[in-house]
Structure formats: structure tokens, C-alpha cells
Amino acid sequence: MKTKLTFLFTLVCLITFGQSKIVSEEILIHNDSIELPGTLTYTKENTPLIIWVHGSGNIDRNGNQGTLIKANYIKQFRDSINKHHIAFFSFDKRTSNPNNIKFLKKILFYDLVTDVKKVIAHFKTDNRFPEIVLIGHSQGSLIAMLASEKIDKYISLAGPAKSIDNTLIQQITKQAPFLGDITKSHIKELKETGVIKDVNPMLLSLFNKINQPFLANWMQYNPSEEIKKLTIPILIIGGTKDIQIKEEAADILHKANEKSTLVIVKNMNHVLKNITVDADNMKSYYSAAYALSSQLIATIVAFMNN
């Protein structure tokens with residue numbers, strides 16, 4: 001069909017919001033030594049729960065990265081979706097929590113999948129939320145696919161359709177054509193041997209030694225193949241103002257699993273803001289002043305209520 005969260009502590013507070021009260025709980029979930037602190041918000045029990053799965057980078061539960069990226073888009077999403085009596089949980093990605101630094105030296109891509117599985121397992125024992133839905137944003141789209149065995153619905157939000165090796169080759173070749181063949185050679189060596197011995201200095205930030213195991217593990221998974229394995233209801237969303245993941249990727253994912261529903265959101269960029277002036281696109285990454293796409297919220301609410 002096509003249309004163009006182990007408890008360590010719980011802090012519960014009630015926030016008056018219109019005629020509804022938002023219950024907010026701070027929850028700490030463990031994946032072995034990894035700490036995944038997050039926030040659960042809801043207006044009432046016996047409602048569906050959305051669990052947010054992050055994109056790449058050291059993103060916190062609100063959609064910010066350190067002192068630089070301050071889009072606050074996950075917090076904006078939380079506030080918007082709670083108005084529709086849908087519960088929401090997001091957590092600090094393992095790479096954004098300073099308490100995890102000593103455990104991150106040998107991180108693999110699939111470790112991010114096991115984090116999400118721990119979160120799902122926690123809420124599967126919580127009878128307040130009979131339905132669990134994963135939203136995977138950007139890189140999290142693939143992570144959520146791989147973690148989706150025990151959930152009820154899946155949403156891909158600005159998710160890539162190609163494996164990361166093909167994506168890297170395409171992006172680097174476009175930005176610096178003279179590095180295209182070198183990138184292909186490095187990726188071939190990494191896939192065949194698990195290591196790149198001599199990295200071109202211009203590609204060192206991407207293929208440095210500490211990143212190589214993570215990338216090699218990530219390259220094993222192709223979103224367009226993994227989505228074929230899903231039998232639960234699927235919603236795939238792209239945005240016309242997304243300069244990181246083009247809207248065509250959403251169409252490719254939809255064609256890979258034609259039982260999915262595809263929606264392209266007009267004027268939505270990668271951090272889910274409504275952008276009418278192109279000059280505001282990148283500015284919205286660094287400011288919470290830009291409004292979230294209202295069409296995005298309406299689309300997700302309709303899917304949740306279907």
C-alpha cells in the first residue's frame with residue numbers, strides 16, 4: 001500500500017498537560033555492563049508503547065549530541081505523540097552515556113541490536129502496555145528490523161535501503177571521485193580479511209582501526225533484504241527535505257516488502273522538522289526552535305490506531 005526499555009530506580013512525576021496527565025518515569029536498563037537510561041512517558045495504562053531506536057552517533061534520549069547537535073527532535077516527538085495517548089520510551093544510546101566509555105573499545109554493530117532487545121524484554125514484562133512498536137530512525141531503521149522478533153509493529157523512519165558498504169562507496173565517490181576506487185579497495189579488504197592494514201590518510205577518520213570491526217559487522221546486513229523477513233505491520237516513512245537519506249530509499253524498502261505502507265512526508269528533513277526554506281535545513285540540526293512535522297505525527301498516529 002503506497003501513499004505520496006533491569007530497573008535500578010523509578011522516578012515518577014505527574015505533569016498536567018491539557019486535560020491529561022503525563023506520567024514520566026526514569027528507567028535504567030542494563031545490557032550486561034552497558035547502562036541504557038531512558039524516559040518513559042504516558043497518559044494512561046493499557047495503551048500502545050513506541051520504543052525509539054536511534055540513528056548513528058552519540059545520540060541521547062532527546063535527540064541531541066553533546067554540545068553541538070541540539071535539534072531536540074526526539075523530545076518533540078515524545079511530547080507530540082503523548083497527546084494522542086500513545087506511550088513512548090527513548091533511551092540514551094550506549095555511545096552517549098559517559099558511564100559506558102570503558103566498555104566501548106570493541107563495540108560491534110550488532111551490540112546496538114542487543115541493546116534494543118534488552119529494552120523490548122523489559123517492557124514485555126510490563127502489563128501496562130499490551131502493544132510494542134519500534135521506530136527505527138536512520139541507522140536505527142536497520143537495528144530495529146534486526147530486533148523486531150517480539151514486537152507488534154515496525155516503523156522505518158528515514159532509513160537507508162542499501163548496505164553500509166554500498167552507501168559509503170556511493171557517498172564518497174560522489175563527494176570525492178578520486179577516493180572512490182580507494183574506498184572500494186578498503187571495503188573489499190575489510191570484508192575479506194576483517195582488517196585494513198594501510199588506510200589512506202584521507203579516509204582515516206572513517207576506516208581507523210577502532211572503527212573497522214564495527215563497520216565489518218555492519219556490512220553483513222542489507223536493509224532491503226532484512227525487511228523481507230518481517231511479517232508484522234510495517235510503515236515506511238521518508239521526507240522530501242531529507243538531505244541524508246533521500247526519499248527514494250523509502251520506496252526501495254517498500255518494494256522489498258510490498259505488504260508495507262509507504263508515506264513520503266512533504267517538507268520533512270532528516271531530524272523530522274518541517275522545512276519550507278532550504279537554508280533552514282541544516283540550521284534545524286542545531287536548534288530546537290524548528291517545529292516537528294505535523295504530517296509525520298498524523299501518519300504515525302493513524303498507523304498506531306489501525
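The values are calculated or read from the model by the stated rules, or taken from the named source; none is laboratory data. Here the structure is a predicted model, which is why all the values come from computation and not from measurement. Cβ sites come from the backbone with ideal geometry, for glycine too, and all protein chains shown count toward neighbours.
Selection within the range 259-287: residues that are in a loop (DSSP other than H, G, I, E, B) and either of a type in the set (S, T, Y) or at pLDDT below 95 (or both). The member of this set that is farthest from I234 (Cα to Cα) is S287.
A count restricted to the range 194-239 and to residues that are in contact with a helix residue (DSSP H, G or I) (Cβ under 8 Å, 6 or more places away or on another chain) and more than 29 Å from D152 (Cβ to Cβ) stands at 15.
What's the number of the condition N46 fails, among (1) in contact with a Phe, Trp or Tyr (Cβ under 7 Å, 6 or more places away or on another chain); (2) more than 25 Å from V113 (Cβ to Cβ); (3) not hydroxyl-bearing (S, T, Y)? Result: N46 fails condition (1) only.
Has the range 60-82 got at least one residue that is surrounded by fewer than 18 Cβ atoms within 10 Å (Cβ to Cβ) and either among the hydroxyl-bearing types (S, T, Y) or not assigned by TED's automatic domain parsing to the domain that holds K228 (or both)? Checking the range 60-82: at least one residue is surrounded by fewer than 18 Cβ atoms within 10 Å (Cβ to Cβ) and either among the hydroxyl-bearing types (S, T, Y) or not assigned by TED's automatic domain parsing to the domain that holds K228 (or both). Residue check: A302 meets all listed conditions (1) under 23 Å from I81 (Cα atoms); (2) under 19 Å from the mean Cα position of the chain (by Cα); (3) part of a helix (DSSP H, G or I) but one, namely (2). Scanning the range 209-219 finds no residues that are touching a strand residue (DSSP E or B) at 6+ places or on another chain (Cβ under 6 Å), at pLDDT 95 or above, not hydroxyl-bearing (S, T, Y) and not in a strand (DSSP E or B). If I ask for residues that are surrounded by fewer than 22 Cβ atoms within 10 Å (Cβ to Cβ) and among the acidic types (D, E), which ones from the range 208-255 would you list? E225, E226, E247, E248, D251, listed by residue number.
Taking the criterion of being among the aromatic types (F, W, Y) and either surrounded by fewer than 19 Cβ atoms within 10 Å (Cβ to Cβ) or modelled with pLDDT under 95 (or both), the only residue of the range 104-125 that qualifies is Y110.
Each row is one residue, and each column tells you yes or no for (1) assigned by TED's automatic domain parsing to the domain that holds T39; (2) aliphatic (A, V, I, L, M); (3) buried (at least 19 other Cβ atoms within 10 Å of the Cβ).
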| position | (1), (2), (3) |
| --- | --- |
| K102 | yes, no, no |
| N127 | yes, no, no |
| I172 | no, yes, yes |
| A176 | no, yes, no |
| H186 | no, no, yes |
| P201 | no, no, no |
| L206 | no, yes, no |
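Of the set (1) farther than 24 Å from K209 by Cβ; (2) surrounded by fewer than 22 Cβ atoms within 10 Å (Cβ to Cβ); (3) touching an Asp or Glu at 6+ places or on another chain (Cβ under 7 Å), all apply to K44 but (3).
Considering the range 133-154, and only residues there that are within 14 Å of the chain's Cα centre (by Cα) and part of a loop (DSSP other than H, G, I, E, B), the residue that is surrounded by the most Cβ atoms within 10 Å (Cβ to Cβ) turns out to be S148. For the range 155-167, the candidate set comprises residues that are crowded, with 21+ Cβ neighbours inside 10 Å and of a type outside the set (D, E, K, R); within that set, the residue that is farthest from D115 (Cα to Cα) is A161.
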